[in-house]
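Remarks on the structure that follows.
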């Protein structure tokens, strides 16, 4: 069931000395409400924003003030007020601006006067970008998503009344999906330092809400509008250095605001399918700064997932020289798969301090920190601190979902909730076990003092687990899983596997048991995972499993190519893995295998070409290297880390959220001889570095470089060789970890040193946005190269170019492979890539490797 999850970070709250409450409504001269109008005390950035109904309230200390009301396209309103202890009502009625076209000298080319203004604004862009080196401010954030329409089913699964109720919607399938508000304090030091303190936050029904301010700065050349996943290239600012190459401008008129002449300029993209805004930007005369913006992005301009993204900002003076954003409203719409969702994020900035005098170590790797009492504020606090009044629907949503959440936690009602969950749990059907693509799932609900939990059972259907290869013929796999939720943040996962080959009549079965526990180390949280397993299994010689079972069925039956090379093994294994708070991991394990060679037992294929025969099960490229029954005891150690990790600091722990630096990994394997009959005697090492670099307008560059080799290779059997992930099939999913045209085992080795390089550049719309049809389909170019080098006689390099984001999930590459031991090959590979490609790409199960 689709859940609209929104996440990220925090800021601090501001307290007004409560002396008087001012309430009011903002309308135009036709008595129409003006939503998200800015209301503030003149000469300050302290103020509020009206809600969707045009209502506002403002707490201010006692005294005399001039209250300013500002709304884009209307004359600014000002009223004097004396604040006392009594609540007062102060309404504003704003009149539309009377725009005037100022007299200009039109050049011979007939250039619109807007261009001269924009050129001046571009010249001043860098100055205003760096004008304030550091500052703090307060930010109130309210985020809401509302369902306006939804289908009766999603990908064949019915969305029933219970699902609708669980999402918090009414009987018409409409209502609030997500609602949160937070008060944060933001500290910024250019160019890269940011720290957000979340003073208070709440989400209807419970949760962290959305507390990270959306920093949208149109003085930047490249604007990250909302979330970069919606457009990794970002968007070109209307006053960027090269804006004149991308936009046309038209001066709509001028108006006066506090003695300043403000130019209203229409922003018009020169071409579709570029990452561009459309709308209006308001620029002041003489100082050429941004007064306000009203800009939009649509799917015609490389917006993904969302249909529209509308940004409005109002900038006000902080002092005689500096203007900053006072209010920012982001409205968005999403119409996908029959769902119609509208959302908005309101940011109200106040209390700017342009001389914060940060201490030397104020900025560290924690970029967001939640106050220990951020989620314990009472309703009276929110009513007093909230600058944007809630709408009636939002008040109801908070009350209803918070009440439901309390009821679920309430021990007196938890049994009712438990009984309800059990009653709504459908029984497992025979069809789910036999042939359903989704398989079978069941939750066993139970209650603890801290709430309701479940043990989860799942099993893939038997039909989806039927395989075919020349060793076993048809094989049937039974693959159930049981996940047990244990007390004190512990999980126990039991994974049995049963496999029967109908041609060789071999039964193989094994089980892995994995225990995961949250554990502190040095006062820092992390996770320890112990895994033990054993039994008898069928394995590919290359442990990375380069040949997928589905593709192998296709090639074996249709083309009479048996690429999958297998052996059987009795095994026992014990592994430990520690994931640190910094996301670094360390793992250690020891495994024992009794390896048994197996032979082809069937030659059945749909292809009846008598001139073509299946190859032996032994890798034909390693025909000169025998594989006989042997035993191997192997110790494996690995460590990975990413320096410069940044964190969100919760009241009880830190959560790593990434770094601008690459990920490093080092691994070591030791074949231990003469214990339990082990024949293995080798020392193998591997080093790897990988990263994704977002170059914005120029796309995203991804790389993976590796090196390794054998320090000792006295006794190395084929499964312990250094294998490179070749690919001789049309299908590929191991991008950045494969060689798309290389044979599977031709380059396997025990060399003392080797090197690998995998690089890809994802253009993300660059170049293809200028090609008809491709720009409409949003198919994106991808190009790169994969190579490895062992010595002069043993090396390989391939170059490729392709298209991705086909139907949002597919990728097609054309590759040329240059091999030291074979002729140059040209091939095509199909896989998953694009907006949703990584989500549907099969993930390898580490537990059962």
ask   = Points 7 angstrom from Cα along the Cβ direction at residue 603 and residue 452: gap in nanometres?
value = 6.1
query = If the chain between residue 308 and residue 193 were fully stretched, how many nm would it gain, using 0.36 nm times the residue separation less the Cα-Cα distance?
reply = 38.4 nm
ask   = What FRET efficiency comes out for the pair residue 428/residue 361, r = Cβ-Cβ distance, R0 = 60 Å, nearest 0.05?
value = 0.60
Overall dimensions of the stretch 462-848 as given by Cα atoms, namely Rg and Dmax in Å = 22.2, 71
Segment residue 478-residue 513, extension gain: residue separation times 0.36 nm, minus the distance between their alpha carbons = 11.0 nm
task = Give me the number: length gained by fully extending residue 820 to residue 698, i.e. 0.36 nm times residue separation minus the C-alpha to C-alpha distance, one decimal in nm.
result = 40.6 nm
note = Evaluated at 25 °C and 0.890 mPa s, the Stokes-Einstein D of the stretch 20-94 based on the Kirkwood radius over Cα pairs, in µm²/s, stands at 202
remark   = Semi-axes (Å, rounded, descending) of the ellipsoid equivalent to the chain per its C-alpha gyration tensor are 57, 33, 26
Calculated FRET value between residue 286 and residue 215, using beta carbons and R₀ = 30 Å, to 0.05 = 0.65
Rounded to 10°, Cα long-axis angle of helix 392-409 versus longest principal axis of the chain = 40
key: Simple spin-label estimate for residue 89 and residue 32 in nanometres, 7 Å along Cα-Cβ   = 2.4
task = Give me D for the stretch 273-366 in µm² s⁻¹, whole number, from Stokes-Einstein with Rh from the Kirkwood sum over alpha-carbon pairs, 37 °C and 0.692 mPa s.
result = 204
remark   = If R0 = 56 Å, then residue 337 and residue 674, at their Cβ-Cβ distance, give a FRET efficiency to the nearest 0.05 of 0.40
request  = Give me the distance between the Cα centres of the stretch 741-812 and the stretch 35-56, rounded to whole Å.
outcome  = 52
ask   = In cubic angstrom, how much convex hull volume per residue do the alpha carbon atoms of the stretch 280-328 span?
value = 81
message = I need the fraction of alpha carbon pairs in the stretch 124-404 separated by more than 35 Å, rounded to a whole percent.
response = 25
query = How far, in degrees from 0 to 90, does helix 114-130 lean away from the longest principal axis of the Cα atoms of the chain, to the nearest 10?
reply = 70
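Read-outs throughout are calculated quantities, based only on the coordinates presented, and are distinct from any laboratory measurement. Keep in mind it's a predicted model, so treat the numbers as computed, not measured. Here the Cβ is made from the backbone with ideal geometry for all residues, glycine too, and neighbour counts use every protein chain on show.
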